[in-house]
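The values are calculated or read from the model by the stated rules, or taken from the named source; none is laboratory data. In this text the structure is predicted, and so the values were computed from the model without any measurement. Counting neighbours? That spans all protein chains shown, and the Cβs are built from the backbone with ideal geometry, glycine included.
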Amino acid sequence: MAWQKVPNVAEYKWASKGAKWDNEIERKSGMTMEAAQEYAEKDPRINFFFFMRGSMFLEAGEGCEAKGQFNSGDVVFFGGKYWWGGASQADGYIWAPE
């Protein structure tokens with residue numbers, strides 16, 4: 001079992017560009033990276049997530065509602081297709097079975 005790290009990304013916010021966020025499974029706060037990976041491995045619906053190393057706010061725009069405030073230690077878990085956008089405050093992780 002392995003997670004492939006994608007540095008400096010989070011799920012893209014704009015639905016008009018393809019990131020609809022309808023595949024969001026859950027948000028958790030105050031997690032370590034290790035805890036996030038362990039949590040994701042226990043839920044077969046989760047195949048990618050992003051982990052916050054800093055803070056950012058995803059406001060509404062271009063056909064999407066605001067996603068809100070994200071802080072260090074926040075994790076958003078998803079299933080399905082990822083659509084990364086640049087975010088120096090976060091890293092993405094994709095499930096890559098060995």
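Scan the stretch 57-78 residue by residue and report those that are surrounded by 16 or more Cβ atoms within 10 Å (Cβ to Cβ) and either within 14 Å of Arg27 (Cβ to Cβ) or of a type in the set (S, T, N, Q) (or both). Passing the criteria: Leu58, Lys67, Phe70, Gly73, Asp74, Val75, Val76, Phe77, Phe78.
Name every residue in the stretch 19-57 that is among the hydrophobic types (A, V, I, L, M, F, W, C), in contact with a strand residue (DSSP E or B) (Cβ under 8 Å, 6 or more places away or on another chain) and in a helix (DSSP H, G or I), in order of residue number. Those that are among the hydrophobic types (A, V, I, L, M, F, W, C), in contact with a strand residue (DSSP E or B) (Cβ under 8 Å, 6 or more places away or on another chain) and in a helix (DSSP H, G or I): Met33, Ala36, Ala40.
Residues that are of a type in the set (Asp, Glu) and either on the phi < 0 side of the Ramachandran plot or modelled with pLDDT of 95 or more (or both) were ranked within the stretch 49-98; the one that is farthest from the chain's Cα centre (by Cα) is Glu98.
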